[in-house]
Amino acid sequence: MQILNSCAEAKKFINTLKFQNKQLGFVPTMGALHHGHIALVEKAKRENDLVICSIYVNPLQFNNKNDFTLYPRTHESDLKLLEEVGCDIVFFPDEKILDGKDFFQYDVGFLDTVMEGLHRPCHFMGVVFIVKALFDILRPDTAYFGLKDYQQLAVIKQMVKDFEMPVTIIPCPTFREHDGLAMSSRNSRLTKTQRENASNIYKCLSNLKSNTVHKTIDNLKNDFINSLKSIPEMRVEYIEICDADTLKPLETLHSSSSGVACTAVFLGEVRLIDNILLF
Ligand code: AMP
């Protein structure tokens, strides 16, 4: 497995690959890898000649300094997992990746005004800056993103379109623990009790989905909040039901339209997100 420790090294390495005409699949991550990440790498491996995974805890996308500081960093076990799954190249960007951040301008537009955009100011601008920088350096043919971060995927698709980048974005299903909790690097920060209670997030999303036929959107959202409200240390930051393509809030539900319910929930200090497709 080739390890690239700087942007300069990565640019040079990619130049040689481009001469060999290899199809390159890319999986950007912030590390603390789990099976959800590894499934993305496996898919990329099946569908490309070579797969590259980047590991970078992007300071620009954290609007809470504590969350950035406490974000788990587990490089040794990450490398072990990537080696086991047959990842070809791992890229650890150096600080050069941040060059130009002060001059970067991009209007995320509507997607910045709802859900993650609304509750985490500047988050998507930080995501877009780094993902664009990674795409510029690595020039992948395909890039793999989890549906777990549903809104992020929508933002990335829009960015690729706006900048006319020659990369195909591949959405990948959410990997879950045995009790339904979406795998997340942040799960390791939960206490034992918080971890047990966290499975209720997906249970309540699944209940919401099974009730879509006979309840209004307001009732579905209220039921979701009320079911989680009584659980110790749990606080729903938002629950939204929106169009699965545009992420515009839906006013009514029809089985002909595509809908998605997205939520962010705090367990103590730890903030988790999840979503469920409704039709
Ligand atoms: P992160 O390291 O959390 O920034 O995630 C890197 C990539 O892995 C993103 O495209 C995420 O959407 C994806 N990802 C994270 N958790 C999961 C999961 N449980 N299932 C599938 N993909 C995931």
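Coordinate-derived values only; no laboratory data. Treat the numbers as computed from the prediction; the structure is a model and nothing was measured. Cβ sites come from the backbone with ideal geometry, for glycine too, and all protein chains shown count toward neighbours.
Here is how the numbers come out for the structure above:
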read-out: Over region 122-279, volume per residue of the alpha carbon convex hull, in Å³; value: 127
read-out: Radius of gyration and Dmax over the Cα atoms of region 114-169, both given in Å; value: 11.2, 32
read-out: Percent of C-alpha pairs per 10 Å bin, region 189-265, short to long; value: 18, 50, 24, 8, 0
read-out: Mean separation of Cα contacts under 8 Å, 6 or more apart, over the residue count of the chain: relative contact order %; value: 17
read-out: Charged-residue dipole, Cβ positions (Lys, Arg, Asp, Glu), the chain about Cα centre, Debye nearest 20; value: 280
read-out: Rg in Å to one decimal, and Dmax rounded to a whole Å, for region 1-62 via C-alpha atoms; value: 12.7, 38
read-out: Cα Rg, Dmax, the chain, angstrom units; value: 19.1, 59
read-out: Cut-off 15 Å between beta-carbons: net charge of the residues surrounding I137, Lys and Arg +1, Asp and Glu -1; value: +1
read-out: The chain: most fluctuating residue of D107, D88, D149 per GNM, C-alpha cutoff 10 Å; value: D107
read-out: Over region 21-114, volume per residue of the alpha carbon convex hull, in Å³; value: 158
read-out: Cα lying deepest toward the dipole's positive end in region 3-87, options T29, F19, S6, charges on Cβ; value: F19
read-out: Residue pairs, from the table K215/K248; K101/K221; K101/K161, whose Cα atoms sit over 26 Å apart; value: K101/K221
